Amino acid sequence: MYGNVYNRHTEENENSSAESKQEQEFEYIGGRKFYNIDVSPYILPTDIEEVDRLHQQHFALKHICEGNYTAPIQNIIKPGSKLLDLGCGSGQWTLEMAQEFPYARVFGIDINTNFPTLIKPLNAHFIVGNVTEGLPWEDNYFDFVWIRYLCVGVKDADWQNLYLEVRRVLKPGGILEHHECDGLTEISGPKLKNFQNHFEEAMISRGLNFRLACQLSERVTNAGFKDAQSSYISVAVGKHGGKIGEIWATNLKAGTLSIKPLLAKLLKLTDNEYDSTVQYIFDYEVDEYKVYHNHHKVWAQKIQ
């Protein structure tokens, strides 16, 4: 008879336990919030500063790619269609697609809760989940699945199973589109090259694939997708790339500064040395060497 009686102390204990468990998922290094490596291999911070950088990155990439997608999805998105943003981060892509296709339902899933929960279109839905542990939807559910820049959070060994899960939840005729940026710039100055080499070392130590971008077409084909259409866009970094090149350099600079707690130790640099080197790279070296890198994209269909 007492099973459903409200107990304030029990609730407080449960809330305290939940908060304690949540805090154990993260560690604070150099003033930035990172996932505990036992929880997620995600190598970038997961805090408000990173959300701001992700917003800037989204708008830069939307300009670079001339839109939010490359695949001809207008042919398959109809009233009642469902779209999925896999590893949605701040949720900006999800929100914009919900506005572009108000007659469809657009879902975003991410391990973190940096996406909006209250102010959003009615047809936008966000779910907390680790995409490498299976997708919480039935077979043949989605018409379009979108992935972008997830190589920093999904282990190389998990990509095959993740693609198979995407294929499972896609309807026959549904489309997967995946974008990644090559970890290495095509041209690098000596300081940038040194940073990239050590960042690759840090990624490999977590099981992440620094060069996944160059393998997208092969990977999706191996997972059973058909007629993979791949391409890349060369993105200039710095003033020599015009306004978008400057914005992209600013974004990369912010991203590089954000991982100072990880890279400074590998590079054997003090905090001040790290900051000044990053400033030199993105304010001068990228233009001196005309640095650029390639943004790779692929889309393919589930044929069954």
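Summary table
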| item | result |
| --- | --- |
| Any chance TYR232 is within 18 Å of the chain's Cα centre (by Cα), farther than 29 Å from ILE48 by Cα and touching a residue at least 40 places away in the same chain (Cβ under 8 Å) | yes |
| Boolean, CYS151 is touching an Asp or Glu at 6+ places or on another chain (Cβ under 7 Å) and in a loop (DSSP other than H, G, I, E, B) | yes |
| Residue among LYS253, LYS265 that is without any contact (Cβ under 8 Å) to a residue 24 or more places away in the chain, assigned to a helix (DSSP H, G or I) and not polar (S, T, N, Q) | LYS265 |
| Residue in the stretch 254-282 that is nearest to GLU50 (Cα to Cα), counting only those that are of a type in the set (S, T, N, Q) and surrounded by 17 or more Cβ atoms within 10 Å (Cβ to Cβ) | SER258 |
| Matching residues, the stretch 65-97, being under 28 Å from GLU246 (Cα atoms) and loosely packed, with under 15 Cβ neighbours inside 10 Å | GLU66, GLY67 |
| Those residues of the stretch 204-226 which are touching a residue at least 24 places away in the same chain (Cβ under 8 Å), among the hydrophobic types (A, V, I, L, M, F, W, C) and assigned to a helix (DSSP H, G or I), in sequence order | LEU212, ALA213, CYS214, LEU216, VAL220 |
| Qualifying residue in the stretch 107-115 (condition: small (Gly, Ala, Ser), outside any helix (DSSP H, G or I) and touching a strand residue (DSSP E or B) at 6+ places or on another chain (Cβ under 7 Å)) | yes |
| Residue within the stretch 151-158 that is modelled with pLDDT of 95 or more and more than 30 Å from VAL291 (Cβ to Cβ) present | yes |
| Where ILE204 falls short, out of the listed (1) farther than 23 Å from ILE43 by Cβ; (2) modelled with pLDDT of 95 or more | (1) |
| Residue within the stretch 227-250 that is at positive phi, of a type in the set (Gly, Ala, Ser) and in a helix (DSSP H, G or I) present | yes |
| Test result for TRP146, touching an Asp or Glu at 6+ places or on another chain (Cβ under 6 Å), more than 25 Å from ASP38 (Cβ to Cβ), buried (at least 23 other Cβ atoms within 10 Å of the Cβ) and modelled with pLDDT of 95 or more | yes |
| Residue match in the stretch 285-292 (condition: under 24 Å from the mean Cα position of the chain (by Cα) and within 20 Å of ARG211 (Cβ to Cβ)) | yes |
| Matching residues in the stretch 130-153 - criterion: being on the phi > 0 side of the Ramachandran plot and free of Cβ contacts under 8 Å to residues at least 40 places away in the same chain | GLY134, ASN140 |
| Considering residues of the stretch 179-201 that are more than 17 Å from LEU44 (Cα to Cα), of a type outside the set (A, V, I, L, M, F, W, C) and in contact with a helix residue (DSSP H, G or I) (Cβ under 6 Å, 6 or more places away or on another chain) only, the residue surrounded by the fewest Cβ atoms within 10 Å (Cβ to Cβ) | LYS191 |
| So LYS171, is it part of a helix (DSSP H, G or I), of a type in the set (Lys, Arg) and either farther than 22 Å from TYR69 by Cα or touching a strand residue (DSSP E or B) at 6+ places or on another chain (Cβ under 7 Å) (or both) | no |
| Subset of the stretch 229-245 [out of contact with any Ser or Thr (no Cβ under 9 Å at 6 or more places or on another chain) and buried (at least 18 other Cβ atoms within 10 Å of the Cβ)] | TYR232, VAL235, ALA236, GLY238, GLY241, GLY245 |
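The values are calculated or read from the model by the stated rules, or taken from the named source; none is laboratory data. Values in this document were obtained by computation on a predicted structure and should not be read as measured data. Counting neighbours? That spans all protein chains shown, and the Cβs are built from the backbone with ideal geometry, glycine included.
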